[in-house]
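These notes are about the structure you will find just below.
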Amino acid sequence: MKKPVYLFLAVLGCLLGACENVEEKAGVKLQAARQAYEAGQFSEAKSLIDSIKILYPKAFDTRRAGLYLMQDIELAEQQRSLVYLDSLLHIEQEKFAALRKNFTLEKDTAYQQIGRYLAPAQVVERNLHRSYLRFQTDEKGVMSLTSIYCGKQNIHHTAVKVSAPDHTFAQTPASKDSYETSDLGERIEKADYKLGEDGGVISFICLNKDKNLQVEYIGDRTYNTTLTRTDRQAAADVYALSQVLTSITHIQQQKDEANQKIRFIQENIKKRKKTE
């Protein structure tokens, strides 16, 4: 009767020894992960923690400690990202500060949350009764082109084509935002095209800003005019500003995401410490 008892105790001892051995081996990996974390080698630390789950699936205590360390690593990663993003944001804001003095901001705070920047030569007051292409970017960096037609008769245009002397050209698709009005017998038409939905017209103008470009308004009837040097330069200048504003907007979004992740991780760490 004693043999089964001895056998059971022997097996139990082997199992306990095996568990201790597994935890010990897993602990070596965990210690290496801690050292990598403290050295700022976050990818290496996370890789070591992941390997514990694969190599020692039954090292439950060590795996739990690894999950706790993973939270600390993810928190440190997001905090490091914030520092990096702050440095990028500072650079882009300096670029913006240098550029903004060359533009006019149109914004009525009574009903507009986001204003738009234009080249001073293209503000409405200086271009009454003129058919031209106007370029603007909002404060988030969303650039757009507006084709403006003024004449005695409507042409009901919904698109424009811009051509260079070498016969290359770019043409917008039909505008998704166009309207018509009249003032003292003058017919006024406007159509908007956002960058990326403009058939490449804005980029084409910027690339060919030193060339004599022709504009064709396309509608029930066509109308042709020349894109002046001032208007071509406005396109290039506004585009440069929009790129900086887009970068600032993107960095700020990334910062918001990082802060959200930090709050989430910190909340989980608090919950963990309450249960310990």
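The values are calculated or read from the model by the stated rules, or taken from the named source; none is laboratory data. Predicted model, so just to flag it, every value in this text is computed and none were measured. Please note: Cβ atoms are built from the backbone with ideal geometry, for glycine as well, and neighbour counts cover all protein chains shown.
Per-structure values
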{"quantity": "Qualifying position, being of a type outside the set (Lys, Arg) and not assigned by TED's automatic domain parsing to the domain that holds Ala170, among Asp237, Asp256, Asp220, Asp198", "calculated": "Asp256"}
{"quantity": "Tally, over segment 157-188, of residues that are of a type outside the set (S, T, N, Q) and surrounded by fewer than 14 Cβ atoms within 10 Å (Cβ to Cβ)", "calculated": "12"}
{"quantity": "Candidates Gln35, Gln78, Gln93, filtered to the one that is more than 30 Å from Met143 (Cβ to Cβ), assigned to a helix (DSSP H, G or I), in contact (Cβ under 8 Å) with a residue 60 or more places away in the chain and not acidic (Asp, Glu)", "calculated": "Gln78"}
{"quantity": "Candidates Ala235, Ala191, filtered to the one that is buried (at least 18 other Cβ atoms within 10 Å of the Cβ), touching a Cys at 6+ places or on another chain (Cβ under 6 Å), modelled with pLDDT of 95 or more and not in a loop (DSSP other than H, G, I, E, B)", "calculated": "Ala235"}
{"quantity": "Residue within segment 246-256 that is touching a Leu at 6+ places or on another chain (Cβ under 9 Å) and either among the charged types (D, E, K, R) or over 16 Å from His90 (Cβ atoms) (or both) present", "calculated": "yes"}
{"quantity": "Residue count for segment 145-173, restricted to those that are within 30 Å of the chain's Cα centre (by Cα) and either under 14 Å from Thr225 (Cα atoms) or assigned to a strand (DSSP E or B) (or both)", "calculated": "10"}
{"quantity": "Tally of residues being more than 18 Å from Met143 (Cβ to Cβ) and touching a strand residue (DSSP E or B) at 6+ places or on another chain (Cβ under 7 Å) across segment 181-211", "calculated": "6"}
{"quantity": "Segment 194-229: number of residues that are more than 12 Å from Tyr149 (Cβ to Cβ) and assigned to a strand (DSSP E or B)", "calculated": "5"}
{"quantity": "Options Arg134, Arg63; residue that is of a type outside the set (Val, Ile, Thr), in a strand (DSSP E or B) and surrounded by 15 or more Cβ atoms within 10 Å (Cβ to Cβ)", "calculated": "Arg134"}
{"quantity": "Condition check for Ile251: more than 20 Å from the chain's Cα centre (by Cα), surrounded by 15 or more Cβ atoms within 10 Å (Cβ to Cβ) and over 30 Å from His157 (Cα atoms)", "calculated": "no"}
{"quantity": "Thr222 vs. criteria among the β-branched types (Val, Ile, Thr), in contact (Cβ under 8 Å) with a residue 40 or more places away in the chain and within 18 Å of Ala119 (Cα to Cα)", "calculated": "no"}
{"quantity": "Residue count, segment 102-113 (criterion: surrounded by fewer than 10 Cβ atoms within 10 Å (Cβ to Cβ) and modelled with pLDDT of 95 or more)", "calculated": "0"}
